1. Of all the residues that make up region 163-186, how many are closer than 22 Å to Glu263 by Cα, of a type outside the set (Asp, Glu) and either part of a strand (DSSP E or B) or open to solvent by less than 20 Å² (accessible area, probe 1.4 Å) (or both)?
2. When you scan region 170-189, how many residues do you find that are more than 16 Å from the chain's Cα centre (by Cα) and hydrophobic (A, V, I, L, M, F, W, C)?
3. Among the candidates Lys119, Lys167, which residue alone is more than 19 Å from His196 (Cα to Cα), under 20 Å from the mean Cα position of the chain (by Cα) and of a type in the set (D, E, K, R)?
4. On the basis of being in contact with a strand residue (DSSP E or B) (Cβ under 8 Å, 6 or more places away or on another chain), open to solvent by 20 Å² or more (accessible area, probe 1.4 Å), of a type outside the set (Val, Ile, Thr) and at pLDDT 95 or above, does Leu259 make the cut?
5. Just checking, how many residues over region 11-59 are modelled with pLDDT under 50, over 20 Å from Leu393 (Cα atoms) and either touching a His at 6+ places or on another chain (Cβ under 8 Å) or among the small types (Gly, Ala, Ser) (or both)?
6. Search region 55-102 for residues being within 23 Å of Gly149 (Cα to Cα) and part of a strand (DSSP E or B), and hand back the single one that is nearest to the chain's Cα centre (by Cα).
7. Considering only residues that are at pLDDT 95 or above and open to solvent by 60 Å² or more (accessible area, probe 1.4 Å), look in region 279-292 and name the one that is nearest to Arg240 (Cα to Cα).
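The values are calculated or read from the model by the stated rules, or taken from the named source; none is laboratory data. In this text the structure is predicted, and so the values were computed from the model without any measurement. Note that we place each Cβ from the backbone using ideal geometry, even for glycine, and neighbour counts take in every protein chain shown. Side chains are part of the model used for accessible areas, which takes the heavy atoms of the whole protein and leaves out ligands, DNA and RNA. Shrake-Rupley method; radii C 1.70, N 1.55, O 1.52, S 1.80 Å.
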Amino acid sequence: MRIVVRLLSFTLLATVARAEAAPTPTPAWTFRPAFAARVGYDDNVFLQDRSAILPGVTGAVPNRAGSWVARASLALETGWQASPALQFNAGYSPELVRYEAYSSEHHDNHRLLLSLLGKQGAWSYQLKGSLLYVDGAETSPIFGQAGGGPAIGGVPVRDRRDQINTKLGGQLTRTFDGGFLRAAGDLCVNDYHTRHVSTALVPGYANYVDRSEWSTGLDAGRFVAKEFALVAGVRVGEQRQADLLGVSHNYSNTLTRFLVGVEGRPRSDLLLRIVGGPDLRHFGDAAAPGFDRTRTTRYVEASAIWTPSATDTVTFTGKDYLWLSGGGRCAYHHTGSNLRWDHTFNAVWSMAVLADVQVGDSRDYGASAVHRLDWIYTGTLGVTRTLGSKTKLDLELLREWGESAIADKPGREYTRWIATVGVRRVF
């Protein structure tokens, strides 16, 4: 009943937002308010399968903990275009997330999106930024099984805690008859607000530490077809990892990255980008004693969008790179890939099928006590029914399981099902 009341309250807010966001007479401005709600069941909220709790651990999260989950959100988006050389977009989306069985997992998300882009002659640019503020619990969960927290740190559980995540990226491109030059830069900051607690006093407590990365550099492209280019580039940047309570080292480092690859449209129905190369890393003096501070790691980034027909779209994304642990004890190599197929049956029915694989490998970084080789597999099936031009209903079923390639670490392994139904209304 409490969930129904919250959803009705959010519907009222959506109606008010519609009235306040009515288009102004100025034709250059556009407004796109929307409301969405979802209700479903998660049968493993804390990503812990049934296994014995280690001696001395108290207050550990329960295993196989199921709960109904409700989400309700507004999306307030606006855009302004003065000319092809100047286009501005902004969006703000508040979201309420409530767990019927576990109030500790309640949180509110506040998303802010900004972009600026344009094209003038041979020059083009884009600047995109996002900020996510999660108003959630300031205490972390306690994982009591052998091996510590779930695979790759239990990201879904961490994402419900109090934090601010910021991303910023920009490009400036000059096109020539045979190719292009491009300046690019990116910034990512994870600012976790949960309290640090000594694990000697509270065994199993999941401390989260701040981390960030920035990079900037140049790309040069040579067209081998009208819209398809060979690309080479270089980046310089830095990764920073905050200190963790009770741990005297971190793995902050500087990087120089060399990239080669391809990007563009090799054919009309395929948009492709694949770049990769070595990262030359230098870790700071705060790395653990005996750690090799100068290393070469790999970096690969790939994306593809294939539209074999008017009713089908296949999308692939992948990334393979060195990242810093949110637990603050090491760096780790992260490999992730996602494959999605969208199919439209007719004007009313459509579906989406997703397969996702994530791998976290820290065996070459940090002390052996915290070594991980974790795998997470996720499969998702979604079916959508369109009700008119402004309303959509959808049903989504997700199956996920985490595995540890290091034996006797049951706390890292789990399975879960999530089934949800949702509605979205554009005003």
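1. Residues that pass the stated criteria total 15.
2. 6
3. Of the residues listed, the single one that is more than 19 Å from His196 (Cα to Cα), under 20 Å from the mean Cα position of the chain (by Cα) and of a type in the set (D, E, K, R) is Lys167.
4. Against the criterion (in contact with a strand residue (DSSP E or B) (Cβ under 8 Å, 6 or more places away or on another chain), open to solvent by 20 Å² or more (accessible area, probe 1.4 Å), of a type outside the set (Val, Ile, Thr) and at pLDDT 95 or above), Leu259 does not qualify.
5. Within region 11-59, residues that are modelled with pLDDT under 50, over 20 Å from Leu393 (Cα atoms) and either touching a His at 6+ places or on another chain (Cβ under 8 Å) or among the small types (Gly, Ala, Ser) (or both) number 4.
6. Val97
7. This residue is His282.
Quick grid of which residues meet (1) closer than 30 Å to Phe143 by Cβ; (2) of a type in the set (Lys, Arg); (3) without any contact (Cβ under 8 Å) to a residue 60 or more places away in the chain:
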position: Ala184; (1), (2), (3): no, no, yes
position: Arg211; (1), (2), (3): yes, yes, no
position: Ser215; (1), (2), (3): no, no, yes
position: Val224; (1), (2), (3): no, no, yes
position: Glu227; (1), (2), (3): no, no, yes
position: Val247; (1), (2), (3): yes, no, no
position: Ile274; (1), (2), (3): no, no, yes
position: Pro278; (1), (2), (3): no, no, yes
